[in-house]
Structures are given as structure tokens and as C-alpha cells.
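Just below is one structure, and these are the notes that go with it.
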């Protein structure tokens, strides 16, 4: 696994252009290892100066150290996805984009943060999951189902926003709140996070790689890569990286419970 940790403070400091470069690095770590800074700049359509600024913010001396770090941390091969040759069809392009998002999400998982979250899941603290409905609500239900299958007790789903706010206001700091958001800016989710933060309730958040309000309120963050998409005004962002991230989290949780070192 590529454990190339970028903490929240650094994420907040990155410009939109620098975030785009970082996303490309996470999606194509093997390729970047063999690139020159000019070749990377050409691929991402940003100047070498932008790449160097990113390196500095990652506390690296320059592009050479970035490549060295990538090579040293690519201990295990990232998941591979088949791609077609020749002129890509529209459906092939969609699949390739999804594959890149999954690879980037996989590479972005921070090992230390993951262990801390698993330790929380392995505790006897009651766990509350907010389900805002829609496709994100399906992801929340998927998380609850996997936790039950893994033998985790005291997992409670909150479907109603008003009821969720009432419940969180009554929770003690010995509880855990799990919040999932595709943008990190959904008002009802942020309100729950604000209430939990005031009551010192641990928050596990799943949100995009960009700096977002939810990630600043949560003590524990799982990040995913996805491209915001719209079609005729309708939001069509893929939730596949979310399902992948939740599945990976529960798999690691099960291994942890079985005494297997992660």
C-alpha cells in the first residue's frame, strides 16, 4: 500500500491546482516514479513551479525526493484494472475513470489513521451512523450491514435528520458518530458534526480528498478520490470509491479482530 500521508493542515494549504497534481500522483504512482518534472507538468497541465510548490508543502526538498518517497513506499502493488486498447468508447472511459479513482483512494489511505479508527470500532462504545438518504444513505446502510456481519454490536442508524440532531445532543463522549459525505459540505451532516464536536464526541468522517468543513470537525478522517460530475443539472458523482473505502475498512477491522497485524 502507498502510505503517503498528507494531514489535514497540509490539505487545507493546497491550492486547487496543487490538489489536482496530488490526485494525479495518487492515481499514477508508478508512472510518476519514472517521470521527469517536465513530463509530470505536461501530464497534469500545470507548471513545474506548481509541482515544486506541492513538494515543499509536503515537506519534501523537491521532485527527486517525491519520487524517492513514492518508490520506497510502493511496497505492495496497487490493485490493477484492465483497460482496452485502441479508440476508447464512452463506457470504457467511464470505467477507466472509476479505476483511477479507486487506485487513488486505495493509495490515499493513511495506515496510522486507519488503525486508530479500527481501535474505535473494536471498542464497546455505541456507534451512531447518520443516513441522509439517497445514494449516500445506501452507503451508510452498507456500512451498518458490514459491521453487523463483522460482529460489531451497538450500531445504530439515524435516518431522520431531526431525530439524529436530538440523539446526538443527548450522546455522551463515550459514543462514536460516523458521518459520510460526498462533498463534506452537506448542511445537515455538518450540523450533526458541530453538535458532536461541542459535546466532545469522537467523529469518524468519510469525505473527499479536498479540504472540506466536515474533515475539519472530525477527529478521524477517511479520504476518497472522486470527480464531481453533473448531467443536465443532476449530480452524478460516483459512489464507487465510497463503497470501496467502506469495504476496505471493514476487511481491515475483521483482520484486526482476528489478531492479524496490519
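Looking at (1) farther than 18 Å from residue 106 by Cα; (2) under 17 Å from the mean Cα position of the chain (by Cα); (3) modelled with pLDDT of 90 or more, can you tell me which one residue 202 breaks?
Tallying (1) farther than 18 Å from residue 106 by Cα; (2) under 17 Å from the mean Cα position of the chain (by Cα); (3) modelled with pLDDT of 90 or more, residue 202 fails exactly one: (2).
Could you pull out the residue among 127, 179 that is in contact with a strand residue (DSSP E or B) (Cβ under 6 Å, 6 or more places away or on another chain), modelled with pLDDT of 95 or more and closer than 15 Å to residue 242 by Cβ?
Answer to the check: 179.
Quick one: residue 185 ticks every box in (1) surrounded by fewer than 15 Cβ atoms within 10 Å (Cβ to Cβ); (2) in contact with a strand residue (DSSP E or B) (Cβ under 8 Å, 6 or more places away or on another chain) except a single one, so which number is it?
(2)
Which condition number in (1) crowded, with 18+ Cβ neighbours inside 10 Å; (2) in contact with a helix residue (DSSP H, G or I) (Cβ under 8 Å, 6 or more places away or on another chain) is the one that residue 199 fails?
Residue 199 satisfies all of (1) crowded, with 18+ Cβ neighbours inside 10 Å; (2) in contact with a helix residue (DSSP H, G or I) (Cβ under 8 Å, 6 or more places away or on another chain) except (1).
For segment 31-56, which positions are in contact (Cβ under 8 Å) with a residue 40 or more places away in the chain and more than 20 Å from the chain's Cα centre (by Cα)?
Result: 33, single match.
Go through 163, 147 for me and flag whichever is in contact (Cβ under 8 Å) with a residue 60 or more places away in the chain and in the same structural domain as residue 239 (by TED's automatic domain parsing).
Of the residues listed, the single one that is in contact (Cβ under 8 Å) with a residue 60 or more places away in the chain and in the same structural domain as residue 239 (by TED's automatic domain parsing) is 147.
Considering segment 166-189 alone, what residues qualify as being more than 22 Å from residue 120 (Cβ to Cβ) and assigned to a helix (DSSP H, G or I)?
166, 187, 188
Within segment 243-262, how many residues are in contact (Cβ under 8 Å) with a residue 60 or more places away in the chain and not in a helix (DSSP H, G or I)?
Total satisfying the criteria: 1.
Checking residue 30 against (1) touching a helix residue (DSSP H, G or I) at 6+ places or on another chain (Cβ under 8 Å); (2) under 22 Å from residue 102 (Cα atoms), only one condition comes out false. Which one?
(1)
With respect to residue 92, is the statement that it is farther than 25 Å from residue 207 by Cα, out of contact with any helix residue (DSSP H, G or I) (no Cβ under 8 Å at 6 or more places or on another chain) and at pLDDT 90 or above true? Write out each step before concluding.
Details: farther than 25 Å from residue 207 by Cα: yes; out of contact with any helix residue (DSSP H, G or I) (no Cβ under 8 Å at 6 or more places or on another chain): yes; at pLDDT 90 or above: no.
Taking the combined requirement at face value, the residue does not satisfy it.
Filter segment 21-49 for residues that are surrounded by fewer than 17 Cβ atoms within 10 Å (Cβ to Cβ) and in a helix (DSSP H, G or I) and give the result.
30, 31, 33, 38, 39, 42, 43, 48, 49
The values are calculated or read from the model by the stated rules, or taken from the named source; none is laboratory data. If you're wondering where the values come from, they're calculated on a predicted model, not measured in any experiment. Ideal geometry is used to build each Cβ from the backbone, glycine not excepted, and the neighbour counts take in all protein chains shown.
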